[in-house]
1. So if each residue of separation counts as 0.36 nm, and I subtract the Cα-Cα distance between residue 27 and residue 12, what length gain in nm does that give?
2. Run lengths n ≥ 4 of DSSP H only: what is the helix-derived mean residue ellipticity at 222 nm for the chain, with -39500 (n - 2.57) per run over all residues, to the nearest 500?
3. So I have (1) 11.3, 38; (2) 17.1, 54; (3) 17.4, 56, and one of them is Rg and Dmax of the Cα atoms in Å calculated from this model. Which one is it?
């Protein structure tokens, strides 16, 4: 029932940073795949 309690900003910030890191990693992976694809 953690969603029914008060808003926890530290948890939200941590989750947001984690999501941003994953998105950044995926973006790098996409760039690498595009570069490999352009060679062919």
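Since every read-out is calculated from the coordinates, none of them should be taken as a lab result. The structure displayed is predicted, hence computed values, not measured ones.
1. 3.2 nm
2. -28000 deg cm²/dmol
3. (2)
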